[in-house]
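Trainee: The structure under discussion is supplied below as structure tokens; questions concerning it will follow.
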């Protein structure tokens with residue numbers, strides 16, 4: 001089903017590319033836009049995950065460079081019966097996370113330093129279980145391809161300003177007013193495609209993630225903190241690339257820009273309420289387990305993350321290492 005959705009998404013965005021091309025350059029514009037769309041489709045399928053990770057300056061870590069975080073993801077992946085994904089950390093103060101990759105064998109999960117610094121180990125486990133649920137449900141392909149193509153479509157629409165103002169002999173020109181309308185409508189159309197695929201998958205990833213972690217309240221607690229922080233702490237890279245906002249577990253856009261009107265995330269209150277209902281016995285659960293070891297073991301109701309130097313770490317060492 002995921003591959004069918006992806007094919008439909010690619011077809012829909014290709015049609016949008018061709019429509020924009022016609023408005024900009026008539027029949028010639030259609031040919032150019034079709035060639036551009038086909039090239040973008042191929043690139044997005046094979047390389048969009050790498051592009052998104054580079055866009056956010058993600059740094060790959062392993063069991064030596066970030067043992068606490070890496071080993072947590074490994075245990076969660078084992079719970080989910082998934083291959084071990086690549087693990088990345090993004091230097092950003094806003095607590096957030098996302099997953100990417102075209103299939104479980106080529107998956108990656110990324111968390112910001114803000115998330116690792118400010119959430120307890122149980123809450124981090126809940127968040128990363130949610131991201132692994134996206135991998136298990138094969139959402140990551142459609143999520144990452146959408147981010148790449150929606151961003152490209154927005155860029156193509158912005159190019160319209162350079163071609164507006166006159167009509168060519170093929171009847172493709174649309175004038176300055178039409179160009180301005182195009183610049184608004186084309187990105188909106190792409191965002192509507194994203195909205196159609198995003199809300200249901202977030203609810204399902206919450207449910208599946210709660211099963212993987214073994215405790216729905218870990219994720220419920222994390223979501224409340226993440227939403228509050230996202231409104232207070234700006235994510236500059238997300239603000240510059242709003243077409244990628246749907247990748248994150250919570251909307252990373254501050255709301256200061258018009259792009260926030262196109263949020264693909266469902267109501268946070270609804271997500272938390274569903275998780276709380278699951279914790280009250282409406283779902284089968286694995287036994288809850290600790291996702292921190294030794295001196296960093298989490299304590300319910302308190303942050304499990306020590307300050308620099310705690311637990312025998314060297315001065316300046318990050319707590320997730």
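Values quoted throughout were computed directly from the atomic coordinates according to the rules given, and no laboratory measurement underlies them. As the structure is a prediction and not an experimental result, all values here were calculated from the model. Virtual Cβ from ideal backbone geometry, glycine too; neighbours counted across all protein chains shown.
Trainee: With each label point set 7 Å from Cα along the Cα-Cβ vector, what nm distance links residue 15 and residue 27?
Mentor: Spacing of the two 7 Å Cα→Cβ label points: 2.3 nm.
Trainee: Moving on. If I take R0 = 30 Å and measure r between the Cβ atoms of residue 71 and residue 105 in this structure, what FRET efficiency does the formula 1/(1 + (r/R0)^6) give, to the nearest 0.05? Don't skip to the end; give the middle numbers.
Mentor: Details: r = 21 Å, r/R0 = 0.69.
Once rounded, the FRET efficiency stands at 0.90.
Trainee: Tell me, 267, 228, 48 in order of fewest to most beta-carbon neighbours within 10 Å?
Mentor: On the way: 267 9, 228 13, 48 24.
Going from least to most buried by this count: 267, 228, 48.
Trainee: By per-residue mean of other Cβ atoms within 10 Å, what is the highest-first order of 52-65, 122-135? Write down the numbers at each step before the final one.
Mentor: Numbers: 52-65: 16.0, 122-135: 28.3.
Highest to lowest by the protection proxy: 122-135, 52-65.
Trainee: Taking neighbour Cβ counts within 10 Å as the exposure measure, how do 219, 253, 76 sort from fewest upward?
Mentor: Details: 219 32, 253 23, 76 26.
Exposure proxy ranking, most exposed first: 253, 76, 219.
Trainee: With labels modelled as points extended 7 Å from the Cα through the Cβ direction, what inter-label distance (nm, one decimal) is found for residue 64 paired with residue 50?
Mentor: About 2.3 nm separates the two model spin labels.
Trainee: Can you sort 92, 103 so the residue with the fewest Cβ neighbours within 10 Å comes first? Before the final figure, lay out each step's value.
Mentor: Working: 92 23, 103 13.
In order of increasing Cβ crowding within 10 Å: 103, 92.
Trainee: Separation of segment 18-63 and segment 80-97 by C-alpha centroid, Å?
Mentor: 24
Trainee: So how far apart, in nm, are the two label points at residue 228 and residue 280 if each is 7 Å from Cα heading toward Cβ?
Mentor: Taking the simple label geometry, residue 228 and residue 280 are separated by 2.2 nm.
Trainee: Please compute the length gained on full extension between residue 7 and residue 43, using 0.36 nm multiplied by the number of residues separating them and subtracting their Cα-Cα distance. Before the final figure, lay out each step's value.
Mentor: Values: separation 36, 0.36 × 36 = 12.96 nm, distance 1.44 nm.
Gain in length upon complete extension: 11.5 nm.
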